[in-house]
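Participant: Can you read through this structure? Questions will come right after.
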Amino acid sequence: MSADLSSLASTIERLHAAGADADRAEARSVFATFRAELSAGRARAASPDPDSPTGWTVNAWVKQGILVGFRCGEIISVPGDAPHVPFLDKDTLPLRSLDTSSRVRLVPGGSSIRDGAFVGAGVICMPPMFINIGAYVGADSLIDSHALVGSCAQIGERVHVSAGAQIGGVLEPIGAMPVIVENDALVGGNTGIYEGAIVRSHAVIGAGTVLTRSTPIYDLPKQQVISSRDGSPLIVPEGAVVVPGTRAVTAAAGREWGLGLATPVIVKYRDDKTDTGTELETWLR
């Protein structure tokens, strides 16, 4: 971390600890600086760390900074398409200002990117989609229609977040891992990724799959069960192709009624055929 970021982190930690007693004018000034660092991608809620067991380190002060911004803001009227029906939001949380130099393709039709979200060059945003403050979206990724990239979620480069997918956000607890989707992954339509799950590079999350910390993944090719233990995140292996599945309920009533629970299943690992099936992304650019 640079000296400037280290100083900013220390100031934010102090303001967060002060709570309602924090100097409001200072908090607003510091938050404006912090928001600019988030937008530039220099401050991130989680950073790649090859020495960490997960490959990532959580930067708790970033979440604290976002909470400081909520606390010191005032609700104001934000003009919409109909002037007599304005939106209402905190004045510390404006929309991200983009121009052609950003090389971001923001297609008209109701999408929103909050200031304090990093959006890399070549990213395509199809309407309507939403990227929240603290999120990081790497270069050349595609955020499709009705998709959500929640607060502090980390999306790598060349990732396709398909229509209706939900990438969950997290602000509290402060030290919790945000959802992370690494480079070249494909997140299928109407998928939900929550509770700090990590999707490794080149993985494919099939349409309708839901990943949470409490749901194990059944890996058929490797004949193993992947689960979250001792507070660690759920991790989808590199190149895994995950689809929705079911597992039988073994408790007496469930067995008697023939019930099953939804569970993600790895059916294969990504190969040339899988890559051919995902080439549509290239044509959309």
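Participant: Condition first: of a type in the set (S, T, N, Q) and assigned to a strand (DSSP E or B). Now tell me which residues in region 117-168 satisfy that.
Facilitator: Result: GLN154, GLN166.
Participant: Could I ask something else about it? Can you report the number of residues in region 177-199 which are touching a strand residue (DSSP E or B) at 6+ places or on another chain (Cβ under 6 Å) and closer than 22 Å to SER52 by Cβ?
Facilitator: So the answer is 10.
Participant: Within the set of pairs 6 or more residues apart or between chains, which connect a residue that is in contact (Cβ under 8 Å) with a residue 40 or more places away in the chain and within 23 Å of ALA135 (Cβ to Cβ) inside region 23-35 to a residue that is surrounded by 14 or more Cβ atoms within 10 Å (Cβ to Cβ) and of a type in the set (Ser, Thr, Tyr) with Cβ atoms less than 6 Å apart?
Facilitator: If the second residue must be surrounded by 14 or more Cβ atoms within 10 Å (Cβ to Cβ) and of a type in the set (Ser, Thr, Tyr), the pairs left are PHE31/THR92.
Participant: Applying the selection to region 207-225, what residues are in contact with a strand residue (DSSP E or B) (Cβ under 9 Å, 6 or more places away or on another chain) and free of Cβ contacts under 8 Å to residues at least 40 places away in the same chain?
Facilitator: GLY208, THR212, GLN224, VAL225
Participant: On to the next question. Can you tell me which residue within region 104-116, out of those that are assigned to a loop (DSSP other than H, G, I, E, B) and not acidic (Asp, Glu), is surrounded by the most Cβ atoms within 10 Å (Cβ to Cβ)?
Facilitator: Only one residue fits best here, namely GLY116.
Participant: So, one more: Checking the condition outside the structural domain of ALA153 (by TED's automatic domain parsing), under 25 Å from the mean Cα position of the chain (by Cα) and small (Gly, Ala, Ser), which residue from GLY65, GLY109, GLY19 passes?
Facilitator: Only one candidate qualifies: GLY65.
Participant: Suppose we filter region 179-193 for residues that are surrounded by 20 or more Cβ atoms within 10 Å (Cβ to Cβ), part of a loop (DSSP other than H, G, I, E, B) and touching a Ser or Thr at 6+ places or on another chain (Cβ under 8 Å); how many remain?
Facilitator: Result for region 179-193: 5.
Participant: Of the residues ALA248, ALA253, only one is farther than 23 Å from VAL159 by Cα, among the hydrophobic types (A, V, I, L, M, F, W, C) and touching a strand residue (DSSP E or B) at 6+ places or on another chain (Cβ under 6 Å); which?
Facilitator: Matching residue, one of ALA248, ALA253: ALA248.
Participant: Something else: Could you say which residue among VAL68, VAL85, VAL78 is modelled with pLDDT of 95 or more and of a type in the set (Val, Ile, Thr)?
Facilitator: Residue meeting the stated conditions: VAL68.
Participant: If you don't mind, there's one more thing I want to ask. In region 206-233, how many are among the acidic types (Asp, Glu) and part of a loop (DSSP other than H, G, I, E, B)?
Facilitator: Here the count works out to 1.
The values are calculated or read from the model by the stated rules, or taken from the named source; none is laboratory data. If you're wondering where the values come from, they're calculated on a predicted model, not measured in any experiment. When we count neighbours, we look across all protein chains shown, and the Cβ atoms used for this are built from the backbone with ideal geometry, even at glycine.
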